[in-house]
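First up is the structure itself, then whatever we jot down about it.
The values are calculated or read from the model by the stated rules, or taken from the named source; none is laboratory data. Everything quoted here is computed from the prediction, not taken from an experiment. Quick reminder, even Gly has a Cβ in these numbers, built from the backbone with ideal geometry, and neighbours come from all protein chains shown. Areas reflect the complete protein model, heavy atoms only, side chains present, ligands, DNA and RNA absent. Shrake-Rupley method; radii C 1.70, N 1.55, O 1.52, S 1.80 Å.
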Amino acid sequence: MIVEPKDPDVSTDSIDLSGLEESGQTQTCDTLEGAERLLRVDREEAEANIIVIAHPDGKRLGSRFRLRPGEQMTFGRSIDVDVSMPEVLSLSRRHARLRHRGPRVSLRDLGSTNGTYVNGNLIVGDAPLESGDRFQVASVHFKFLHEMDVEHAYYEAIHHLVTRDGLTDIFNKRKYDEEFARELARAQRHKRPLSLVLVDIDNFKEVNDTYGHLCGDFVLKEFTNRVQDKLRPEQIFARLGGDEFVILAPETQAGGASILAEKISAALAEPPVRYTDIDVRVTCSCGVAELGGDLNSPTLLYEAADRALYAAKAAGRNRVSVHSPS
C-alpha cells in the first residue's frame, strides 16, 4: 500500500541566503517560507502530462494526455471515460482515475479486475505520483510528468521511448541495431572478439494462456531484472520483441558468452517467478555465436546465433547451444 505523505517535499537548494545577517532569524524564515509558497504556487498551476509508453498491441505509443489543476482523468475500456481503450480487453470498464488537487496528483484504482500499479507496486487507495513515475493500468503503461518545463520533459520521455522497450525499460531493437553496428565496426577495426547471445523464454505462450497476459508481462520484467544482475556495464541487453532477447558481449569469445548464458539460464530457473500468490516456473534457451570467419556482418552473426538457439530448443529447451563454424 502506498501512503500519501502529509506534506510535499520542497527543495530550497537554490535559495541564496548569503546576504542575511546572523541575527535576522525572522528574515530567514520569511525568505524560506516565501520561496516555498512560490514553488507551491508554481506546482499548483502546472499541468500534468501522461504519456503512453507500452501498449499490448503497440498502439498509441507516445500519445500524450494533459491533466490541468482541478481536473480528473478516468481510464478504462468504456467509451464514456476520459482515456478510452476498448481494444485492451484486460482493462476494466472504469479502471483507474487520476486527480489533480493543487500541487499533488494522485492515482486511484476503481475496483478493477487486474489492478493498478505505480512503479511496479500494486496500489490500494490514493497513490501520490511524482514526476517521472511509471504507472500501469492492466497491460497499458504510462509515464507521468509534472514539471515546470514540461515540454522539455516530454521530449526527453519521447527520446527514451524510441530507444527503450516500454515494458521492460531495456534497449529496444532500434537502439540495439545502432549499438550492434558500432560494436561490430570497433571489433573488426581492432581485431577484438565480439559474441552474441540470443535468449528465448521457453513455452512463454503457455504462461500467457495459463495465467494471463499480465502475468506474462510480469515474467518478462522479472526476467530482465535477473539478467541485468549478471551483465557487465559494457554488455548490451535488448528486447527484440515478444519473449526474444539479445545480449551483445564485446571483448568476449564464444566460451565466455556461453558461461554468461548458463548463468542467465540458472538465474531464471531458480527461484520461480512469484506472481501474486502463484509460483511460475520459467526456463529459457540460449544460442551463442562469435564474430569471425564467415560471420562478418550483423545479419550473419544473428543468423548463426539463431541456428544455435533452434538447436537448444530442439534438444529439449532449458539449455545453451554454441554455434560451431563447421
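Between ASP82 and THR74, the built amide H atoms are under 5 Å apart, and every one of these is 5 or more places off in sequence or on another chain.
For VAL273, neighbours were defined as the other residues whose beta-carbon sits under 12 Å from its Cβ, and their charges (Lys and Arg +1, Asp and Glu -1) total 0. Cross-link partners of LYS173 among lysines, defined as those whose alpha carbon lies under 25 angstrom from its own and excluding same-chain residues fewer than eight positions apart: LYS59, LYS143, LYS205, LYS221, LYS230, LYS263, LYS313.
Just the protein heavy atoms count here, and of the accessible area of region 195-274 at 1.4 Å, carbon and sulfur take up 48 percent.
Classify region 93-185 from the C-alpha gyration tensor, please: rounded if a/c falls under 1.5, else prolate or oblate depending on whether a/b exceeds b/c. Oblate. Computed 3J(HN,Hα) for region 134-148, one whole-Hz value per residue from the Karplus formula 6.51 cos²θ - 1.76 cosθ + 1.60 where θ = phi - 60°, is 10, 10, 10, 10, 6, 9, 10, 10, 10, 10, 9, 10, 9, 10, 5, glycine and proline marked x. Taking K and R as +1 and D and E as -1, what net charge do the other residues with C-beta under 12 Å from the C-beta of ALA305 add up to? Surrounding charge for ALA305 is -4. Distance between the C-alpha centres of region 168-207 and region 269-326: 12 Å, rounded to the whole angstrom.
For region 117-194, what % of the accessible area comes from carbon and sulfur atoms, probe 1.4 Å?
Summing carbon and sulfur atoms, their accessible area is 49 percent of the total for region 117-194.
Calculated mean residue ellipticity, 222 nm, the chain: -11000 deg cm²/dmol, from DSSP H runs (n ≥ 4) at -39500 (n - 2.57) each, averaged per residue and rounded to 500.
Residues in the chain average 52 Å² of solvent-accessible surface per residue, probe 1.4 Å, ligands and nucleic acids excluded. The modelled label-to-label distance between LYS173 and ARG93, using points 7 Å beyond Cα along the C-beta direction, is 3.8 nm.
In sequence order, region 103-108 has phi-based couplings of x, 10, 10, 10, 10, 10 Hz under the Karplus curve 6.51 cos²θ - 1.76 cosθ + 1.60, θ = phi - 60°, and Gly or Pro positions carry x.
Here log10 I(q)/I(0) by the Debye sum over Cα atoms at q = 0.15 Å⁻¹ was calculated from the structure, and among (i) -1.16; (ii) -1.51; (iii) -1.32 it sits at label (i).
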